[in-house]
1. Order MET143, MET262 by their accessible area, 1.4 angstrom probe, all chains in place, largest first.
2. For LYS77, give me every one of the lysines with a C-alpha distance below 27 angstrom, ignoring sequence neighbours fewer than eight places off in its own chain.
3. Rank these by accessible area, largest first, 1.4 Å probe: TYR202, TYR251.
4. At R0 = 30 Å, how high is the FRET efficiency between THR166 and ASP120 if r is their beta carbon distance? Nearest 0.05 is fine.
5. With every protein chain in place, what's the accessible area of VAL54 (1.4 Å probe, Å², nearest 10)?
6. Amide H of ASP105 versus every other amide H placed in the peptide plane: which residues, excluding those fewer than 5 positions away on the same chain, fall under 5 Å?
7. Arrange the peptides 228-236, 159-167 so that the one whose residues have, on average, the most other Cβ atoms within 10 Å appears first.
8. Once the other residues with Cβ under 9 Å from the Cβ of GLU92 are scored (Lys, Arg +1; Asp, Glu -1), what is the net sum?
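The values are calculated or read from the model by the stated rules, or taken from the named source; none is laboratory data. From a predicted model like this one, the values you see are computed outputs, not experimental measurements. Using ideal geometry, Cβ is built from the backbone for each residue, glycine included, and neighbour counts are taken over all protein chains shown. What goes into the accessible areas is simple: the full protein's heavy atoms, side chains included, and nothing from ligands, DNA or RNA. Shrake-Rupley method; radii C 1.70, N 1.55, O 1.52, S 1.80 Å.
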Amino acid sequence: MRITSILGSQKGHGHRAGVRNAMNRTFVSLVLMASLAVGCSEEQVVEQTPARPVVVTPVTVLDFEERIEATGQLLAKNRAEVAAQVSGEVTEVLVEEGDEVESGDIILEIDPEKRDLELDAARARVGEARASVAEKQREVTRMKALEAQKIAAATRLDAAETALETAQSRLRVALAELGTARRAVQDATVRALFSGFIARRYVSRGEFVTASQKLFELVSLDPIEVEFFLPESDSSRARKGIAIDVSVSPYPDETFDAVVDMLSP
């Protein structure tokens, strides 16, 4: 009975205590769940990041060679199309296609006999002009003497001096023609300007050619140039003077030494 009475007087308080106890149990459950969750998370992290073995090896020094490969084309450094300097008949052809020639070798002649006759005629005209100048000089000297003696008029002296100047002009023209005739004799004999090979022959013996007409194509294969292109990413690595190796299809087992001579922007 006492117990009942006490319970009856504490009924309200007992309800609140029950609610508080229930909340305490809930909080403890949440804490336990949180602890379990944290424990599971730590276990998962440990399982995802296992320890890795470390292997130590000694350092080895190696030589590293960087190579850039490119495809290019071979170009003759000395190449010329030999043309006629004078007009005339081709009287002699001394070489054929594929022949090797040295610098100064005669390869063709364009009627040199005719050029020799023209040279003789030019020399004769120079001789005539010089004789005329000498004659007019004597005439001027004589007129000056006569004028000093009051025998000849001044107009005759002026005429003699004018004739002398005309003769001197004709002499200069004759000398220029003589120089042209001498040059024509040289040009009638066509020579190789440099050592190389006759790549092509455009004319034959007996053919009449005019000045500036092509006669031969002369090509020198020593030295020879290689022209190639590099991509922009590798262009900065190329420098003038660096050594390169060149290989060509006809000689697959050989390499040729070369040096970078020019960089085009």
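1. Output order, biggest surface exposure first: MET262, MET143.
2. LYS214, LYS240
3. So, going from the largest accessible area down, we get TYR251, TYR202.
4. 0.75
5. Its heavy atoms expose roughly 130 Å² to the probe.
6. Amide H neighbours of ASP105, under 5 Å, 5+ apart: ALA192.
7. Top of the packing list down: 159-167, 228-236.
8. With Lys, Arg at +1 and Asp, Glu at -1, the net is 0.
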